[in-house]
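Novice: Pasting a structure below so you can have a look.
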Amino acid sequence: MIDSDAKITRAESTVHRELAEGGGVLLNLESGSYYSINSIGLLVWGLIADGCTFDELVSQLRSRVADAPPELDTDIREFLGELEHRRLIEVGG
């Protein structure tokens, strides 16, 4: 589980590409692991470009996403956990 004050950054070996139909794809150049993301995932990717804590990320998302659901924290925590598992992001304590 990702702590509220954990710093989240993009893995150096990860690149991304936006897709014309919306969303995008992340690719770890070292492992070959990739992950398709929707428009919210793309927003998350942009927000972690310079690194931020989990709480900062969720706060930014709530301010940018109209009618953000109450379970946004849980959804983002699960999404980031999957990205971390695929070595697409790094999570520090």
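The values are calculated or read from the model by the stated rules, or taken from the named source; none is laboratory data. Quick caveat: nothing in here was measured; it's all calculated off a predicted structure. When we count neighbours, we look across all protein chains shown, and the Cβ atoms used for this are built from the backbone with ideal geometry, even at glycine. For accessibility, only protein heavy atoms count, side chains too; no ligands or nucleic acids. Shrake-Rupley method; radii C 1.70, N 1.55, O 1.52, S 1.80 Å.
Novice: Where the second residue is open to solvent by 80 Å² or more (accessible area, probe 1.4 Å) and in a helix (DSSP H, G or I) and the first is under 15 Å from Arg77 (Cα atoms) and lies in region 45-65, which pairs have Cβ atoms under 9 Å and are six or more apart or on separate chains?
Specialist: From region 45-65, the pairs are Leu47/Glu56; Leu47/Arg64.
Novice: I'd like to verify a number: residues in region 23-38 that are within 17 Å of Glu82 (Cβ to Cβ), open to solvent by 20 Å² or more (accessible area, probe 1.4 Å) and of a type outside the set (Phe, Trp, Tyr), how many? Before the answer, list the steps.
Specialist: We begin by selecting, within region 23-38, every residue within 17 Å of Glu82 (Cβ to Cβ); these are 23-28, 31-38.
Narrowing the set further to residues that are open to solvent by 20 Å² or more (accessible area, probe 1.4 Å) leaves 25, 27, 31-36, 38.
Next, only the ones that are of a type outside the set (Phe, Trp, Tyr) stay: 25, 27, 31-33, 36, 38.
Counting residues in region 23-38 that are within 17 Å of Glu82 (Cβ to Cβ), open to solvent by 20 Å² or more (accessible area, probe 1.4 Å) and of a type outside the set (Phe, Trp, Tyr) gives 7.
Novice: Which members of region 73-85 meet the condition of being among the charged types (D, E, K, R) and in contact (Cβ under 8 Å) with a residue 60 or more places away in the chain? Give the derivation first.
Specialist: Narrowing region 73-85 to residues among the charged types (D, E, K, R): 73, 75, 77-78, 82, 84.
Residues satisfying the conditions are Arg77, Glu84.
Novice: What are the residues in region 71-82 that are loosely packed, with under 14 Cβ neighbours inside 10 Å and either in contact with a Ser or Thr (Cβ under 8 Å, 6 or more places away or on another chain) or closer than 14 Å to Asn38 by Cβ (or both), if any?
Specialist: Glu78, Glu82
Novice: Let me confirm something: among Ala68, Ala20, which residue is assigned to a loop (DSSP other than H, G, I, E, B), of a type in the set (Gly, Ala, Ser) and either touching a Gly at 6+ places or on another chain (Cβ under 9 Å) or open to solvent by less than 40 Å² (accessible area, probe 1.4 Å) (or both)? Explain how you work it out, then say what you get.
Specialist: Numbers: Ala20 fails: either touching a Gly at 6+ places or on another chain (Cβ under 9 Å) or open to solvent by less than 40 Å² (accessible area, probe 1.4 Å) (or both).
Residue meeting the stated conditions: Ala68.
Novice: Condition first: in contact (Cβ under 8 Å) with a residue 40 or more places away in the chain, farther than 18 Å from Asp75 by Cα and open to solvent by 60 Å² or more (accessible area, probe 1.4 Å). Now tell me which residues in region 1-17 satisfy that.
Specialist: Correct list: Arg10 only.
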